[in-house]
Amino acid sequence: MALGLHRKKNEDRGDGKLIDDYLLSGKLDSLGILYGRYIDLVYGVCLKYFRNREQSQDAVMDIFEKLVTELGRHKVENFKSWLYVLTKNHCLMKLRSSKKDIDRVISIEDHGYLFMENDFQMHPVDKSDINNDEILEKCIEQLKADQRNCVRLFYYDNKCYREIAGLLKMDEQKVKSHLQNAKRNLKICMEKNYEEE
């Protein structure tokens, strides 16, 4: 009974607290709980790049091993965003290291709209230095309905343009346009809010 309560207490801790616990103790329990929260996100990103379940499952394990060393080297303010970037970079490096997959990497980077945003400047949702979720959420709420829906489906549910177009019954080009406009509007809104703080 006490063990169950202890486990529940661990699971209730915030991301920052779990990171601190891991960095102080070096025990993998806290890291395991933390990673468990976002394992679906990691697997989804890997699947979009590798398009292979087995390879994606292997990558999920590799990324956990990478966390053990990488987490201590970076000041992580927003774990989810940082993990997303770490996962994306891991997938690209793996694909680049395999000569037979090099054409697919180029294809993903040239036609990123089929998989995920292909803009070099990351969307505010992805930036690891953004630590004020309240401001971000407030700015998302201020977007027009179509932009807001596209942002939530793309960045939070990891849907590709094609899937979003199907769900929202609109053209893929329209989805891309809504995301680009949302990105610009979010950047303006967040900069304005940071200046006011």
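Here, each number is a calculation from the coordinates, and none is a lab measurement. The model shown is predicted, which means the values in this text are computed figures rather than measured ones. Cβ sites come from the backbone with ideal geometry, for glycine too, and all protein chains shown count toward neighbours.
Quick check on my link table: of LYS48/LYS94; LYS17/LYS183; LYS17/LYS75; LYS27/LYS94; LYS80/LYS169, which ones sit more than 22 Å apart, alpha carbon to alpha carbon?
Long pairs (Cα-Cα over 22 Å): LYS17/LYS183; LYS27/LYS94; LYS80/LYS169.
If I model a spin label at LYS144 and GLU172 as a point 7 Å from the Cα along the Cα→Cβ vector, what separation in nanometres do I get?
In this crude spin-label approximation the distance works out to 2.2 nm.
With r as the distance between the Cβ atoms of LYS80 and ARG13 and R0 = 22 Å, compute the FRET efficiency 1/(1 + (r/R0)^6) and round to 0.05.
0.90
If one puts a single equal scatterer on every Cα of segment 6-77 and applies the Debye formula without solvent, what log₁₀ I(q)/I(0) results at q = 0.14, 0.25, 0.27, 0.28 Å⁻¹?
After summing over all Cα pairs, the log10 values are -0.47, -1.12, -1.20, -1.25.
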